[in-house]
1. For the Cα atoms of chain A, what angle does the longest principal axis make with the long axis of helix A:219-246, in degrees from 0 to 90, nearest 10?
2. Along the charge dipole of the protein assembly as shown, which of A:Ser342, B:Gln268, A:Leu38 sits closest to the positive end, that is, farthest toward it, with unit charges on the beta carbon of Lys, Arg, Asp and Glu (+1, +1, -1, -1)?
3. Got a sec? What order do A:Arg318, B:Arg74 fall in by accessible area at 1.4 Å, biggest, i.e. largest, first?
4. What helices does chain B hold that run 15 Å or longer along their axis, going by alpha-carbon atoms, with a Kyte-Doolittle average of 1.6 or more, using DSSP H for the helix calls?
5. Would you check the accessible area of C:Val137, probe 1.4 Å, heavy atoms only, in square angstrom rounded to 10?
6. Per residue of region A:503-512, in order, report the coupling 6.51 cos²θ - 1.76 cosθ + 1.60 (Karplus, θ = phi - 60°) as ³J(HN,Hα) in whole Hz, putting x for Gly and Pro.
7. For a test of the definition: using alpha carbon positions, the gyration tensor, and the 1.5 limit on a/c, classify region B:116-270 as rounded, prolate or oblate.
8. What does the accessible area of B:Ile15 come to, in Å² to the nearest 10, when a probe of 1.4 Å is used?
Amino acid sequence: MAEAHAPTAHAQHAPQGFIRKYIFSLDHKVIGKQYYFLALFSVFVGLLLSILMRWHLVWPDAHIPLLDKLSPVGAPGGLMTPEYYLSLMTMHGTIMIFFVLTTAPQSGFGNYFLPIQIGAEDMAFPRLNMLSFWVTLAALLTLLSSFFVSDGPPLAGWTAYPPLSAVGSVSGPGEGLGQDLWVISIALFCVGALLGALNFIATTLELRTRGMKLMRLPLTCWAWFITAIVGLLSFAVLFAAGVLLLLDRVGGTSFFVPAGLIVSDKILSNHSGGSPLLYQHLFWFFGHPEVYIAILPGMGITSHILSCFSRKPIFGYRAMTYSLMAIGFLSFTVWGHHMFVSGMSPYTAFAFSVMTMAIGVPSAIKTFNWLGTLWGGRLRLTTAMLFSIGFVSLFVSGGLSGLFLAQPPVDVNLHATYFVVGHFHLVMGVAAIFAMFGGTFYWFPKMFGRMMNETLGKIHFWLTFVGVYAIFMPMHYLGVEGNVRRYSTFIDDFMQPLLPVHKFMSIWAFIVGGAQLIFIFNLFWSMFKGEKAGINPWESTSLEWTVPSPPPHDNFAGKIPVVYHGPYEYGVPGAEKDYIMQDSPEVVAESH
Amino acid sequence: MALAVALVVTLITLISVGIFVAKVYWFPVDISTHGAAMDHQFLLTLIICGVIFVAAQLGLAYFVWRYRDKGDGRKATYSHGNNKLEATWTIAAAIVFIGLNFLGYNIWAKMHFTGAAPGALKIQVQAQQFAFYFRYPGPDGEFGPTHLEKVDDAIGNFFGLDRAHDQASKDDIVTATLGIPVNRPVELILRSQDVEHSFFVRELRMQQDIVPGMEIPIHFTATEEALKHNGGRYEIVCTQLCGLGHYKMRAFLQVMTEQDYEKWLQTQAAAQ
Amino acid sequence: MNKRHLLALAFVVSLALFLIACSKKEETTEQPAETTTAVQPTPIDQSTVGEVTGKVSFDGTKPKPHQIMMDQDPACVKAHGGKPVYAEDDEVNGNGTLPNVFVYVKSGAENYTFAAPSDPVVLDQKGCMYDPHVLGVMVDQTLKVVSSDPTTHNIHPMPKDNREWNMSQPPGAAPIEQKFARPEIMIPVKCNQHPWMRAYVGVVKNPFFSVTGSDGTFSIKGLPPGTYTVEAWTAVGGTPQTQDQTVTIGPKESKTVDFSFKAAS
């Protein structure tokens, strides 16, 4: 398995011409960048939507400038209607989860660095790789097109529970064509994700260079590999759910719609025998693994960066890989914790609860090991390192609130409140995005041949780090008070004293949103004006730092490296330098 | 920079925990017989998570400050880890997490593994876009059948009753407020006319989705505490995204003494 | 990259674009109302026009009025000062006549085309009830929905032949203006946030319609000489029913047509 492979057909000759080089490229590095920029575009759309939502939540009578241009129906005169709020919320969730959290850390960084880090010239199936990107782009365009249909984007949330999502426009605006486009987009996305997952698995198993034993893989590669397996098994199920939902909508079937419904005075005589709970089971069978698809690559990237900038081997490499596997496996056994109050059997609820607490164990192991890595290190606090430290902090904060939600009798009072919103934004949303920022600052020199500006990076880090805590921590308090999520305005009497908390959060949301412009500026400015980067500016050990920045078309210019060491040989006693590259033939006593 | 990280992380930790400890924000009053155990389980979880939270965050803060690169040429400790430590915290985490879960088992079992007490007051709850309506069986103790074609919201026939022909429907009482007597077991039968909804009363510590095509029973007893606040009136809110009016979908729970309840029910029956 | 690959890719992309394009096309055909140009009205000699008037009576025992429960929205209860409110479909006038009956020329006027008046028909939401309960508009005439309530409503017409729409109207929001492209008797309008709220909109091709009021009478003016079928529509007791009558109008003639309804069983 770990044999050096025959060079792939395309490897030797870089394609000429702009289109083949940059648009329809088969090069994993170009495809990785394409995914990265797709996610970057998406994250700003998603961010903008969240800012509009936060604006409307605390100033419901505000006329938001230019919003009526985007949707004269959804926001007449700039005044956001409740249905438009829900549409924005649905699009925010869908865009962020699918096109940002699933796309950037796995398909973006993974595509770029998995082949280089294992010593391969490309992914196993370059054409499949290109296809998966273009299908994903088609999915994004399909989703975004729902903004421009007459009654707007769907309002059924990113979970799209039927019957609301299944019975058509009688159940609400956006539930006509908008919801159709949503389902088609998700089905397309599944296809792209499945093709990508196959490619990642094949690449990891088949294309490792000589000496790159599984236990010498950087933890990033382990994370991408496990994530690909989880993705392969879960996106297939979402694809099925999506197709069945589409059939219920347009094909007259009744997979998810029971008999005897009257929606808005209209008797739905064309449906019978379906089960709304079936959809929820299918959706969350995908949905829970999905949150690990979002966070596992982040864990890999964070491990990689923490070890490098602590100048110290990762603490418990084996425990880290086993815990990745355990999370990947257990992630398929916990989906029911989204459904404690759904009406499913309360006995199963208890079983899911035990499994959910169990999945906390490997997560705890990872946290302890990150702390163990810092312990006794010699920390270089670069921006990448700061974001990785931030990741650990956010992961702890968001992860612990999961212990509340994992227990049915506690969840009953927190379910569907802002407690849940705070929980998943911290642990899955913001933590994963911190890993992306960390990855960006760490790998930018390799990808673009220039360094990013550290000062701007640190300003961006501080505003974001403090800001996300200011936004998402208060959500837990609101949840305990009983503040229900997915409300476009708070009219309940008991909510009135809590509105100042919402204002506080909204203002911080604007600050954090604004701070992201610093990042964007830094990213594009550095691309052209940044300081030139050497081969290995961070003194890292993995294979991508043995090749020029940016790497040549076939990564290693025909000289396939041979691997002699594990990925985190920092601070090795008796070594020439502070670190030993993976392909360095230098012999030292390797301890285990 | 290391000091700044340490200070900010510490500060965030202390403020976050402080607000919980000071109970600045807390659950609303509990008016149910089962709620105290839930609140206790929450508190227990909060304490355990709080300790882990503080330890992990302060540990992080301390390590970042303590092991910063001072430029003194000190080399990092070369260690690949410690299997004993790994085993210790794996086992410790497993015991704490799963043990905590088992402590809450009884609360859940009482709520769901047994039905309502015999003689519990049965009330049907029907959710629809965007309102709740309630049906009491009347003196015969029976709910009349629903006829889909009879459902007419404009004249208040939300349950599709045919009072002219169905004996059991004649004395059914349909209301828009959920009136219940204090100290008496109540069984709600939840059903939905159109899409998914949810029944949530914060003070009752009760949340249950309402699924079209299913009839889901839940049971509870309201305590005397209920009469002491808000005149016994509490919000029932929908917590499952059900469409554009989701945020406004609510009804009121009115807890009354037994006598007041009987009187109220008479008035409601007269208005049918 | 080989050609096969390019083809496959082109296929996927074009499929996606095609799907989007199709669905958009569908959407535009659904709403020709917004795009139709002004029609050329048929000239009518105003000196010869006649009139149909009449009375709609109710025959039988009055339906027991259903009380409306507004408990869920205190703003609605407050608007009525705590007084009980009854369903409008149960209303019968004191003199035994029926209000809220939509009377219109169902056939006989097909040879004429009429331009929709530029004035909108106004539907108000007051005290969480629609005012008026029954109204008529011409095809392509603007229906202007306003709200006098301090609470949010959503206006959700549920037509069979026209395009369905559903829009929220928060307090203070601008009026909603919509048109119906095809004739339809009657389009129920609902507010899902106050499920009891219902109005009926009759969409007709000619201007010859009228709704009975508190005296149960109607009058249709400006009819050119000819033979017409006049239909009366009512939802008394909750179930819609109709009656037709044929009437011939000579030049400047005024005819009386009376209707009598029983409660639908």
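1. With both axes taken from Cα atoms, the answer is about 30 degrees.
2. A:Leu38
3. Descending accessible area places them as A:Arg318, B:Arg74.
4. For chain B, where a helix must reach 15 Å along its axis and average at least 1.6, the hits are B:2-21.
5. 0 Å²
6. These are the phi-based 3J(HN,Hα) values: 5, 4, 5, 5, 4, 5, 4, 5, 4, 5 Hz.
7. oblate
8. The accessible area of B:Ile15 comes to roughly 100 Å².
The values are calculated or read from the model by the stated rules, or taken from the named source; none is laboratory data. Model, not experiment: these values are computed from the prediction. All Cβ positions, even for glycine, are placed from backbone atoms using ideal geometry, and neighbour counts span all protein chains on display. What goes into the accessible areas is simple: the full protein's heavy atoms, side chains included, and nothing from ligands, DNA or RNA. Shrake-Rupley method; radii C 1.70, N 1.55, O 1.52, S 1.80 Å.
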